[in-house]
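Everything below concerns the one structure shown next.
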Protein chains: 2
Amino acid sequence: MNPDDCPLCQLDESIVLFSRPKWRVIDARDPVFPAFTRVIWHAHIKEMSDLTRTERTDLMAVVFEVESIMRERLNPDKINVASLGNQVPHVHWHVIGRWRDDPTFPDSIWTPTKKPVSEETQAAARQKSIASRLPEYHQALINHLNRLYP
Amino acid sequence: MNPDDCPLCQLDESIVLFSRPKWRVIDARDPVFPAFTRVIWHAHIKEMSDLTRTERTDLMAVVFEVESIMRERLNPDKINVASLGNQVPHVHWHVIGRWRDDPTFPDSIWTPTKKPVSEETQAAARQKSIASRLPEYHQALINHLNRLYP
């Protein structure tokens, strides 16, 4: 994939929460999993092992800071962290808060699990409750990253 | 989940490729995705952010060494790295080599994609070809980790 065609190279700046010279943190704005934050390396690099060891460590440190604040502010039942890049081969990390009553738990968010209708109301209530706490989580995350990466 | 019920605490030692005091590397022996290696923290810890910053860095360094050797020896089209733990909340990392002609590419391995029958023969040939190269990859990985973690 050419950088000109790469959606992460041509990123909508309005979803950026925090940016530093080598990486940025965005709200994934996922319609189904609201607690979904991405950490994206700026350069159009395909794999983590294409970075230097120091760059990998620096990037993962940011990923786990996101995880920490997400846990602190949203208290999910589990955090999922993943870097796939099959569709967009540009290094990026998904940090996803999961709840037992979310639409696909305990499967991955990529597994098209269908929960019984009896659980749909609860899943919808959970989604709404998380969405309402997102602004507070995002602000706490920005404050935290500003302290660590002034 | 109690450690007594945790499959990663009660791990079959025969699949362990390499072990050090805090972590081990295993062959996932996945029937569909043969290039699948796991890095598992020994202690029954739920999230990466429950480890110290140094422990996280040390663990991720191992994950990316696995990635490096997998690329060098098996040359996949993409590497997927993920820590979900929804079913087994004990810190472990999946390192998965992916090929354009594997059964679910470019979707995640957790997405039950069904490729057209016309592509099934190619996917089966790919699977067989990777499987035949696994012993060489595993030996190279063990040698590499032995050098880095004597």
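Give me the residue from region B:27-64 that is out of contact with any strand residue (DSSP E or B) (no Cβ under 9 Å at 6 or more places or on another chain) and not in a loop (DSSP other than H, G, I, E, B) and, out of that set, surrounded by the fewest Cβ atoms within 10 Å (Cβ to Cβ).
Just the residues of region B:27-64 that are out of contact with any strand residue (DSSP E or B) (no Cβ under 9 Å at 6 or more places or on another chain), to begin with: B:31-32, B:43-45, B:50, B:52-54, B:56-57, B:61.
Then drop every residue that is not not in a loop (DSSP other than H, G, I, E, B), which leaves B:50, B:53-54, B:56-57, B:61.
Working: B:ASP50: 15, B:ARG53: 12, B:THR54: 8, B:ARG56: 21, B:THR57: 17, B:ALA61: 16.
My answer is B:THR54.
Give the residues of region A:54-72 that are at the interface with another protein chain (Cβ under 7 Å from one of its Cβ atoms) and more than 15 Å from the chain's Cα centre (by Cα), sorted by residue number.
A:ARG56, A:THR57
Inspect all residues belonging to region B:93-100 and state whether any of them is at negative phi, free of Cβ contacts under 8 Å to residues at least 12 places away in the same chain and out of contact with any Phe, Trp or Tyr (no Cβ under 6 Å at 6 or more places or on another chain). Even if it seems obvious, please write down each step before you answer.
Quick first cut of region B:93-100, residues at negative phi only: B:93-100.
Right, trim to free of Cβ contacts under 8 Å to residues at least 12 places away in the same chain and you get none.
No: zero hits.
Can you name the condition, by its number, that A:MET70 falls short on among (1) over 19 Å from B:LEU51 (Cβ atoms); (2) in a helix (DSSP H, G or I)?
A:MET70 satisfies every listed condition except (1).
Which one of these does A:GLU136 not meet: (1) within 11 Å of chain B (Cβ to nearest Cβ); (2) surrounded by fewer than 16 Cβ atoms within 10 Å (Cβ to Cβ); (3) modelled with pLDDT of 95 or more?
So A:GLU136 meets the others, but not (1).
Every residue in region B:73-112 that is facing chain A (nearest Cβ under 9 Å), outside any strand (DSSP E or B) and either among the acidic types (Asp, Glu) or in contact with a Gly (Cβ under 7 Å, 6 or more places away or on another chain) (or both), please.
Answer for region B:73-112, where residues must be facing chain A (nearest Cβ under 9 Å), outside any strand (DSSP E or B) and either among the acidic types (Asp, Glu) or in contact with a Gly (Cβ under 7 Å, 6 or more places away or on another chain) (or both): B:ASP77, B:ASP107.
Report the residue count in region B:101-129 for those that are among the acidic types (Asp, Glu) and without any contact (Cβ under 8 Å) to a residue 12 or more places away in the chain.
Selection size over region B:101-129: 2.
Taking into account only those residues within region A:72-101 that are charged (D, E, K, R) and in contact with a helix residue (DSSP H, G or I) (Cβ under 6 Å, 6 or more places away or on another chain), which is surrounded by the fewest Cβ atoms within 10 Å (Cβ to Cβ)?
Going residue by residue through region A:72-101, those that are charged (D, E, K, R) are A:72-73, A:77-78, A:98, A:100-101.
Right, trim to in contact with a helix residue (DSSP H, G or I) (Cβ under 6 Å, 6 or more places away or on another chain) and you get A:73, A:101.
Values: A:ARG73: 19, A:ASP101: 17.
Checking each candidate, the answer is A:ASP101.
The values are calculated or read from the model by the stated rules, or taken from the named source; none is laboratory data. All of these numbers come straight from a predicted model, not from anything done at the bench. In this analysis, Cβ positions are derived from the backbone assuming ideal geometry, glycine residues included, and neighbour counts consider all displayed protein chains.
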